[in-house]
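Undergrad: The structure's right below; bear with me while I get my questions together.
The values are calculated or read from the model by the stated rules, or taken from the named source; none is laboratory data. Note that the coordinates shown come from a computational prediction; the quantities given were computed from them, not determined experimentally. With ideal geometry, Cβ positions are generated from the backbone for all residues, glycine too; neighbour counts draw on all protein chains shown.
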Amino acid sequence: MLRPVGVYAAQFAGPAAANNLVDAYKALGANQMIESKDIFIKAPEIAESGVIVPVEVTSKLVGTAR
């Protein structure tokens with residue numbers, strides 16, 4: 001069932017920011033990271049605007065599509 005974004009965000013009780021990728025994963029509850037050359041995430045180091053942050057995700061994993 002789909003939930004309104006506000007309700008889903010309200011359920012997240014973790015920190016609002018992370019200084020690196022490892023801290024961001026820990027805040028989301030991911031305890032183990034596995035490197036994959038089949039997934040590529042392209043995002044800026046620093047966003048020019050907090051309103052729009054361009055993020056591109058490309059996957060070569062079986063069963064994924066654009």
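Undergrad: Count, please, the residues in the stretch 37-53 that happen to be closer than 26 Å to Ala17 by Cβ, in contact with a strand residue (DSSP E or B) (Cβ under 9 Å, 6 or more places away or on another chain) and surrounded by 10 or more Cβ atoms within 10 Å (Cβ to Cβ). Step through it out loud before you land on a result.
TA: Quick first cut of the stretch 37-53, residues closer than 26 Å to Ala17 by Cβ only: 39-53.
Still in the running and in contact with a strand residue (DSSP E or B) (Cβ under 9 Å, 6 or more places away or on another chain): 39-43.
Okay, now just the ones that are also surrounded by 10 or more Cβ atoms within 10 Å (Cβ to Cβ), so 39-41, 43.
Counting residues in the stretch 37-53 that are closer than 26 Å to Ala17 by Cβ, in contact with a strand residue (DSSP E or B) (Cβ under 9 Å, 6 or more places away or on another chain) and surrounded by 10 or more Cβ atoms within 10 Å (Cβ to Cβ) gives 4.
Residues checked against (1) aromatic (Phe, Trp, Tyr); (2) part of a loop (DSSP other than H, G, I, E, B); (3) at pLDDT below 85:
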residue: Ala13; (1), (2), (3): no, yes, yes
residue: Ala24; (1), (2), (3): no, no, yes
residue: Phe40; (1), (2), (3): yes, no, no
residue: Ile46; (1), (2), (3): no, yes, no
residue: Val53; (1), (2), (3): no, yes, no
residue: Leu61; (1), (2), (3): no, yes, no
residue: Arg66; (1), (2), (3): no, yes, yes
